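K.L.:
Mind having a look at this structure? Questions to follow.
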Amino acid sequence: DSSLTMIGHNLKYDLTVLESVGLKPRCSLADTMLMSYVLDAAGGRHDMDSLAKRILGVETTSYEDVCGKGAKQIGFAEVALDVASNYASEDADITFRLFNQFRSRLETELSLQSIYADLELPVMLVLREIENHGALLDSEILKSQSLDLGARLQELQSQAHELAGRPFNLASPKQLQEILFDELKLPVLKKTPKGAPSTNEEVLQELALDYPLPKLLIEHRSLSKLKGTYTDKLPEDCDPSDGRVHTSFHQAVTSTGRLSSSDPNLQNIPIRTEEGRRIRKAFIAPPGWSVMAADYSQIELRIMAHLSGDQSLVDAFARGDDIHRATAGEVFDLEPMFVTDEQRRRAKAINFGLIYGMSAFGLARQLGIERAEAAAYIDRYFERYPGVRQYMDTTRAMAHEKGYVETVFGRRLTLPDIHARQVPIRQAAERAAINAPMQGTAADIIKRAMLRVHQALAGVNLDCNLLLQVHDELVFEVRDDDLDETRQLVRTEMEAAAELAVPLVVEIGSGLSWFEAH
């Protein structure tokens, strides 16, 4: 049974391979990976070979050991039967041993057992449907965008050469070092491990505040990545048989419970730039259908209000206030109606910055203000929202005591560096301890929402397919005749996915493309 299960999961983890011949699997590699992930997400990779070495102390036979490498690699069907049998049997044996170990540990951890059995396992089946269905893509839109980006990149390169006073390769760190620091004499802010001046993104961002060439280089890097990763690549990833892209979702990768995706990666399409947002125009609906996007509004700030229990924050969300304007009113001691757009922008940076443990130095750099002014903003924030400071202090202490923090639903987020001797590493772990319960709870909520929506749709006669899950957003394609009813169903189920001290709010849009749905 377990041997067949293992073979079935080598075929894209498809349980139907077994179910079609009347076998009900007892354990599988996918189950085992999810158990390991739930027990210790940050403990390392969760593939079978890594787990065998880390948990069992066993070096397994690799696929390359059996089939060879490179040009000489053969298909598994060509492997001698005795070699193939030994390889498959080892996989089944290792999977079964790991499964039993993890199952025993989960039996003593009821909250983790619930995360595994009631959340991760059923989500796996929903993700399988999403992957199989795919998202319809208009490749011609992307090809047109690639041409536009290529022209803009040429413009930026010419401008960079003019500013530098000579031609150079914008993608060469060595040539950038020569131009920026040897010839233009810009200040060296950071060095590489080998002692050379760094030209990484963080350095360029800081130099861009005062110098034109670094600012131009940042834009060139951003557009070049956009072109290479998405506008050039996505049409190649499109399945010619159905015109759709079929991404692969991964449940056992991030330390916080968030999903990731690959081939292609649809989780990281930029949303903050106009060029990034335009890529979503290529994700379209079939004739007679619409794309519908449902997004949780400010979910991590709402989770912060719930976890901290800060009354002012809870009351602001309960009233439906613009939370950034409300925070600006508190920090700048103004009635919200008198808050300027700039003050709201600064309050927004404070709200989101504190979630990620941003220091006064980081806030000052983001807002382009003096560190003392940024520190004063943070101090006033904590004076007005004392529950937030208490939550952060308590969470930090719990992380040091237990070595982990938890989400609202009991997902455990381990912090292996919380006792590190190096101060920067330990401080980074402390910042992660503050943010992880919010990000992890948000991940749990969107998964719960997926399950609720999937179950609700199964019980009604509506033409609707879930296409993507991207962070706090679910993207659907819906037949136009069913759009209004589906919108109400999705809103109801998503807003009921968790009971917090503040209401969950879902914003829903629709249109002919993912872009229009926003």
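K.L.:
Quick one: count up the residues across the stretch 468-497 that are in contact with a helix residue (DSSP H, G or I) (Cβ under 9 Å, 6 or more places away or on another chain), hydrophobic (A, V, I, L, M, F, W, C) and open to solvent by 10 Å² or more (accessible area, probe 1.4 Å).
P.N.:
Counting residues in the stretch 468-497 that are in contact with a helix residue (DSSP H, G or I) (Cβ under 9 Å, 6 or more places away or on another chain), hydrophobic (A, V, I, L, M, F, W, C) and open to solvent by 10 Å² or more (accessible area, probe 1.4 Å) gives 2.
K.L.:
Right, next: Quick check on the stretch 59-77. Is at least one of its residues among the charged types (D, E, K, R), open to solvent by 60 Å² or more (accessible area, probe 1.4 Å) and either under 26 Å from Arg103 (Cβ atoms) or touching a strand residue (DSSP E or B) at 6+ places or on another chain (Cβ under 9 Å) (or both)?
P.N.:
Among the residues of the stretch 59-77, at least one is among the charged types (D, E, K, R), open to solvent by 60 Å² or more (accessible area, probe 1.4 Å) and either under 26 Å from Arg103 (Cβ atoms) or touching a strand residue (DSSP E or B) at 6+ places or on another chain (Cβ under 9 Å) (or both), which makes the answer yes.
K.L.:
Can you go through Arg152, Arg166 and tell me which one is surrounded by 14 or more Cβ atoms within 10 Å (Cβ to Cβ) and touching a helix residue (DSSP H, G or I) at 6+ places or on another chain (Cβ under 9 Å)?
P.N.:
Matching residue, one of Arg152, Arg166: Arg152.
K.L.:
Okay, next question. Find the helices (runs of 4 or more DSSP H) located wholly in the stretch 351-404 whose residues include 2 or more that are in contact with a Cys (Cβ under 8 Å, 6 or more places away or on another chain) and open to solvent by less than 10 Å² (accessible area, probe 1.4 Å), and list them.
P.N.:
Those helices (runs of 4 or more DSSP H) do not exist here; none qualify.
K.L.:
Still on this structure: Anything in the stretch 216-263 that is without any contact (Cβ under 8 Å) to a residue 60 or more places away in the chain and either of a type in the set (Phe, Trp, Tyr) or farther than 30 Å from Thr414 by Cβ (or both)? List them, or say none.
P.N.:
If the condition is that a residue be without any contact (Cβ under 8 Å) to a residue 60 or more places away in the chain and either of a type in the set (Phe, Trp, Tyr) or farther than 30 Å from Thr414 by Cβ (or both), then Leu217, Ile218, Arg221, Ser222, Lys225, Gly228, Thr229, Lys233, Glu236, Asp237, Pro240, Ser241 are the ones that fit.
K.L.:
Scan Leu209, Leu226 and give me the residue that is touching a Leu at 6+ places or on another chain (Cβ under 8 Å) and either under 29 Å from Ile369 (Cα atoms) or crowded, with 18+ Cβ neighbours inside 10 Å (or both).
P.N.:
Leu226
K.L.:
Still on this structure: Can you tell me how many residues within the stretch 229-246 are outside any helix (DSSP H, G or I) and buried (at least 21 other Cβ atoms within 10 Å of the Cβ)?
P.N.:
Within the stretch 229-246, residues that are outside any helix (DSSP H, G or I) and buried (at least 21 other Cβ atoms within 10 Å of the Cβ) number 2.
K.L.:
State whether one or more residues within the stretch 477-485 are within 19 Å of Leu266 (Cα to Cα) and assigned to a strand (DSSP E or B).
P.N.:
yes
K.L.:
Now for a different question. When the stretch 78-92 is examined, which residues are found to be open to solvent by less than 50 Å² (accessible area, probe 1.4 Å) and among the acidic types (Asp, Glu)?
P.N.:
Result: Glu90, Asp91.
K.L.:
Let me ask something else about it. Check Gly368, Gly357 and return the single one that is touching a residue at least 60 places away in the same chain (Cβ under 8 Å) and touching a helix residue (DSSP H, G or I) at 6+ places or on another chain (Cβ under 9 Å).
P.N.:
Only one candidate qualifies: Gly357.
K.L.:
Let me ask something else about it. Please go through (1) of a type outside the set (Asp, Glu); (2) in a helix (DSSP H, G or I); (3) touching a residue at least 60 places away in the same chain (Cβ under 8 Å) for Leu136 and return the number of the only condition it doesn't satisfy.
P.N.:
(2)
K.L.:
Within the stretch 28-79, which residues are part of a loop (DSSP other than H, G, I, E, B), out of contact with any Phe, Trp or Tyr (no Cβ under 9 Å at 6 or more places or on another chain) and of a type in the set (A, V, I, L, M, F, W, C)?
P.N.:
Answer for the stretch 28-79, where residues must be part of a loop (DSSP other than H, G, I, E, B), out of contact with any Phe, Trp or Tyr (no Cβ under 9 Å at 6 or more places or on another chain) and of a type in the set (A, V, I, L, M, F, W, C): Val58, Ile74.
The values are calculated or read from the model by the stated rules, or taken from the named source; none is laboratory data. What you see is a predicted model, and the numbers here were worked out from it, not measured in a lab. Quick reminder, even Gly has a Cβ in these numbers, built from the backbone with ideal geometry, and neighbours come from all protein chains shown. Heads up: the accessible areas ignore ligands, DNA and RNA and are worked out on the full protein's heavy atoms, side chains in. Shrake-Rupley method; radii C 1.70, N 1.55, O 1.52, S 1.80 Å.
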